[in-house]
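Values in this text are rule-based calculations from the coordinates and carry no lab data. Being a predicted model, the structure only gives us computed values, none of them experimental. With ideal geometry, Cβ positions are generated from the backbone for all residues, glycine too; neighbour counts draw on all protein chains shown.
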Amino acid sequence: MYGDEATVRKILTELGDTWAVVGLSSNQDRAAYGVARVLQRFGKRVVPVHPKAETVLGEQGYASLAEIPFDVDVVDVFVNSGLAGAVADEAVAKGAKAVWFQLGVIDEPAYDRTRAAGLDMVMNRCPAIEIPLLG
């Protein structure tokens with residue numbers, strides 16, 4: 001299990017409300033869009049990170065984490081497992097407090113590196129499923 005219940009709760013309730021969602025575009029049929037909407041409903045600021053740098057759900061998008069001109073608390077990763085490790089490394093460099101790899105996104109070495117850098121991390125879970133369960 002990559003992220004116990006205490007870590008899930010901590011990320012969702014204690015680490016801050018600015019979430020960079022890597023892979024979020026204006027395509028409403030993509031899972032990232034639905035998850036971002038749920039996060040917004042629960043009071044999170046969702047910052048789209050996508051090569052197109054589109055404005056999504058009322059928030060300015062950026063082409064990379066490094067281009068975001070303010071602090072990010074959590075980096076939520078919707079890219080395939082082969083690309084996710086590099087995003088986790090960028091999250092560490094950005095100064096994020098946590099990284100969340102979505103369902104199906106698994107990179108064990110990235111998990112180990114990110115935890116070793118002092119960040120909380122969850123892998124292969126979905127915050128839109130977890131956050132309503134917190135009560």
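How about region 70-134: which chymotrypsin sites (Phe, Trp or Tyr not before Pro) there are in a DSSP loop, with at most 10 other Cβ atoms within 10 Å of their Cβ?
Qualifying residues, ordered by number: 70.
How fast does the chain diffuse by Stokes-Einstein, in µm²/s, taking the Kirkwood radius from C-alpha pairs at 37 °C and 0.692 mPa s?
The Stokes-Einstein estimate is 229 µm²/s.
How long is the gain from residue 108 to residue 42 if the chain were fully straight, where each residue apart is worth 0.36 nm and the alpha carbon distance is subtracted?
Contour length minus the Cα-Cα distance gives 20.9 nm.
For region 32-88, what is Rg from Cα atoms divided by 2.2 N^0.38 Å, rounded to two decimals?
Working: Rg = 11.2 Å, N = 57, 2.2 N^0.38 = 10.2 Å.
Rounded to two decimals, the normalised Rg is 1.10.
Straight-line reach from residue 94: which aspartates and glutamates have Cα under 15 Å away, leaving out those fewer than 8 places along the same chain?
Output for residue 94: 67, 71, 73, 76, 120.
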